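The values are calculated or read from the model by the stated rules, or taken from the named source; none is laboratory data. Since the structure is predicted, the reported quantities are computational estimates derived from the model, not experimental observations. We place every Cβ from the backbone using ideal geometry, glycine too, and count neighbours over all the protein chains shown.
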Amino acid sequence: MKNILIISGSGGQGVMSIGITFAQSAVKAEKFATFMPLYGPEQRGGSAKCTVIVSDEEIISPLPSKCDTLIAMNEQSLKKFLGELAPGGTLIINSSRVTSPVNREDLRIISLPADDIALKVGSAKIANVPMIGAFLGYTNALDSEIFLNTLTEKFASKPPQIIEMNQQAFQEGFAVGQAAKANA
Amino acid sequence: MSKQLMKGCEAVAEAAVRAGCRFFAGYPITPQNEIPEYMSSRLPEVGGTFVQGESEIASINMVYGASATGTRAMTSSSSPGISLKTEGISYLAGALLPAVIVNVSRGGPGLGSIQPAQSDYLQATKAPGHGGFHTLVFAPSTLQEAVDLTYEAFDYAERDRCPVMILMDGCLGSIMESVSLPAMKDPAEFEETKWAVGYNGQSRPTRIITSIYPELVLENNNKARVETYARWAKEDAKAEELLLDDAQYVVVAYGIAARVAKQAVLALRAKGIKIGMIRPITLYPFPKQSFAKLNSANVKAIIDIEMTIPAQMEEDIALATHCAIPIHSYGRSGGNLLDDDGVRQAIEKIVGGEA
């Protein structure tokens, strides 16, 4: 099985860090993974995109033309990268920031207010976490336990409430993904 | 050793440290900043020295100085920065000093684009500095290969007392993949470099490192280069060959382009097209041996895929095939990356005779 995921948003939304955590988790699960970032010269506010490929077999090209899933953290990135989502693909939208309608009929769309979820559990900075949660809840691309372990290790030196907050944000997103799967 | 997910630049830097590199000087430029960043904390841990120079030119000359003492030394930069280093690279070659130079290349010419590109083939293989010399040029395609080639590059550099270049584009510099890292070498166990400044054994005169010589000495050094380059061509040229036996079309690509091209070749094979591939691993020496195997009666066309426009490797392919096989090319440039569909469709067009 091979899954091509694009995560996109603006600099500072955690696009790269969540992509790396996902790729690290895939390697832990003994899968092949490539993480390919693409960003402009800006430190914050510019467009940020990463392509993560996770596969049971060796990955030949890390530069696919289309992805299976697109995570759009904001309006601008949805517009910019929607064309790279394959027909029949899955679009995961941060509805806290994306308000305009998606004019494609050939997609499965999962929508969740990631900024609001993040704020509710304690930090506006972790809107990336419910988004990846929804992805893993919907796709089975990876065992969610393995991802959560990697996330926990990442924050090992931080106070326990940081880990708890991230886990909570993940579970909220994961539930949205699972519900979408049940309705599919 | 188990595999770990690493970023290209960091993997290359760690491979250098494990190969015994104990001096690094560099100056920031995207997309290779993670190499100096990594070295700045890693080298002090192993008793090495990291310097952020005041410029590219200062940095390459610091590498010259460190190398003259027999220390394994490295610098890295990206395209415009490599141009600035070329004077120093020529001096290293002139002074018969080993060094490893990594070019994580980006779009050009000029300040170009910070996005990845393979636009420095001609510079790397034909004129990495003034004076008419070559360096070995290694072009990894995966991070594992980047690690392995960087690790070996220091041995090659010392063997022939010359600079060795690792040419990898910004994709390979910033991509993360699993790598297994080679064993840590201990520089204390290296054989003493008898040519280095400070070597005082065997009652020989103190060696003077210079790149200016009396005419006779300079010409003799240049004649020795002819022999070295002939030996490289014979013994050190490397390429990966794929599905060549019955191939009517042969794709040629190196580095990141080769991965995209390989995916296309496999997809087209599955459709019944007799297509194969040659992937140069050493760009200098160019792997002519692989091209010598091609029979112009069977091979209808060669398709050169590079992430640059105009194609640069085409001239070497023409030389290696004695212009006996038509060559087509496809590329992207200016910070636009090659992608799977684009490359496959371009090859299909050429095979279908539309291009």
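Would you mind stating whether B:V250 is buried (at least 24 other Cβ atoms within 10 Å of the Cβ) and in contact with a helix residue (DSSP H, G or I) (Cβ under 7 Å, 6 or more places away or on another chain)? Criteria not met by B:V250. When A:I6 is tested against the conditions (1) part of a strand (DSSP E or B); (2) over 24 Å from B:A257 (Cβ atoms); (3) within 14 Å of chain B (Cβ to nearest Cβ), the lone failure is (2).
Looking at the structure I just gave you, is B:I209 touching a helix residue (DSSP H, G or I) at 6+ places or on another chain (Cβ under 6 Å), assigned by TED's automatic domain parsing to the domain that holds B:N61 and within 27 Å of A:K31 (Cα to Cα)? Answer is no for this residue. In this structure, A:S10 does not qualify as crowded, with 22+ Cβ neighbours inside 10 Å and more than 17 Å from A:A134 (Cβ to Cβ). So, of the residues in the stretch B:1-54 that are out of contact with any Leu (no Cβ under 7 Å at 6 or more places or on another chain) and among the polar types (S, T, N, Q), which turns out to be surrounded by the most Cβ atoms within 10 Å (Cβ to Cβ)? Out of the qualifying residues, it is B:Q32. Pairs linking a residue in the stretch B:1-14 that is within 10 Å of another protein chain (Cβ to nearest Cβ) to a residue that is in a loop (DSSP other than H, G, I, E, B) and among the polar types (S, T, N, Q), with Cβ atoms under 6 Å and 6 or more positions apart or on different chains, are B:K3/B:S180.
Yes or no: A:S17 surrounded by fewer than 19 Cβ atoms within 10 Å (Cβ to Cβ), in contact (Cβ under 8 Å) with a residue 24 or more places away in the chain and within 14 Å of chain B (Cβ to nearest Cβ)?
Numbers: surrounded by fewer than 19 Cβ atoms within 10 Å (Cβ to Cβ): yes; in contact (Cβ under 8 Å) with a residue 24 or more places away in the chain: yes; within 14 Å of chain B (Cβ to nearest Cβ): yes.
The answer is yes for A:S17.
Listed by position, the helices (runs of 4 or more DSSP H) enclosed by the stretch A:90-158 include none that has at least 1 residues that are within 12 Å of the chain's Cα centre (by Cα) and of a type in the set (D, E). Per the conditions (1) modelled with pLDDT of 95 or more; (2) more than 20 Å from B:A13 (Cβ to Cβ), the sole criterion not satisfied by B:T69 is (1).
Looking at B:E158, B:E145, B:E177, B:E189 in this structure, which one is assigned by TED's automatic domain parsing to the domain that holds B:I57 and without any contact (Cβ under 8 Å) to a residue 40 or more places away in the chain?
Among B:E158, B:E145, B:E177, B:E189, only B:E189 is assigned by TED's automatic domain parsing to the domain that holds B:I57 and without any contact (Cβ under 8 Å) to a residue 40 or more places away in the chain.
Going residue by residue through the stretch A:24-34, is there one that turns out to be touching a residue at least 24 places away in the same chain (Cβ under 8 Å), assigned to a strand (DSSP E or B), touching a Phe, Trp or Tyr at 6+ places or on another chain (Cβ under 6 Å) and more than 8 Å from chain B (Cβ to nearest Cβ)?
Step one: list which residues in the stretch A:24-34 are touching a residue at least 24 places away in the same chain (Cβ under 8 Å), which gives A:24-26, A:28-29, A:31-34.
Narrowing further to those that are assigned to a strand (DSSP E or B): A:32-34.
With the extra rule that they be touching a Phe, Trp or Tyr at 6+ places or on another chain (Cβ under 6 Å), the set shrinks to none.
No; the residues of the stretch A:24-34 include none that is touching a residue at least 24 places away in the same chain (Cβ under 8 Å), assigned to a strand (DSSP E or B), touching a Phe, Trp or Tyr at 6+ places or on another chain (Cβ under 6 Å) and more than 8 Å from chain B (Cβ to nearest Cβ).
In the set (1) touching a Pro at 6+ places or on another chain (Cβ under 7 Å); (2) over 28 Å from B:S77 (Cβ atoms); (3) of a type in the set (D, E, K, R), B:D236 fails one condition alone, (2).
Could you please let me know if A:P62 is within 14 Å of another protein chain (Cβ to nearest Cβ), assigned to a loop (DSSP other than H, G, I, E, B) and crowded, with 20+ Cβ neighbours inside 10 Å? Criteria met by A:P62.
Only a single criterion out of (1) closer than 21 Å to A:S17 by Cα; (2) within 14 Å of chain B (Cβ to nearest Cβ); (3) surrounded by fewer than 19 Cβ atoms within 10 Å (Cβ to Cβ) is not satisfied by A:S95, namely (2).
Quick check: is even one residue across the stretch A:65-72 within 12 Å of chain B (Cβ to nearest Cβ), within 25 Å of B:E177 (Cα to Cα) and in a loop (DSSP other than H, G, I, E, B)?
Let us first name the residues in the stretch A:65-72 that are within 12 Å of chain B (Cβ to nearest Cβ), namely A:65-67.
When the remaining residues are screened for being within 25 Å of B:E177 (Cα to Cα), the result is A:65-67.
After this cut, where a residue has to be in a loop (DSSP other than H, G, I, E, B) as well, the list is A:65-66.
Yes, the stretch A:65-72 contains a residue that is within 12 Å of chain B (Cβ to nearest Cβ), within 25 Å of B:E177 (Cα to Cα) and in a loop (DSSP other than H, G, I, E, B).
Scanning the stretch B:117-139 for residues being closer than 19 Å to B:A257 by Cα and either hydroxyl-bearing (S, T, Y) or more than 15 Å from the chain's Cα centre (by Cα) (or both) gives a total of 3.
Scanning the stretch B:82-112 for residues being more than 14 Å from chain A (Cβ to nearest Cβ) and in a loop (DSSP other than H, G, I, E, B) gives a total of 7. Counting only strands (runs of 3 or more DSSP E) that fall entirely inside the stretch B:113-189 and contain at least 2 residues that are surrounded by fewer than 22 Cβ atoms within 10 Å (Cβ to Cβ), the qualifying elements are B:113-116.
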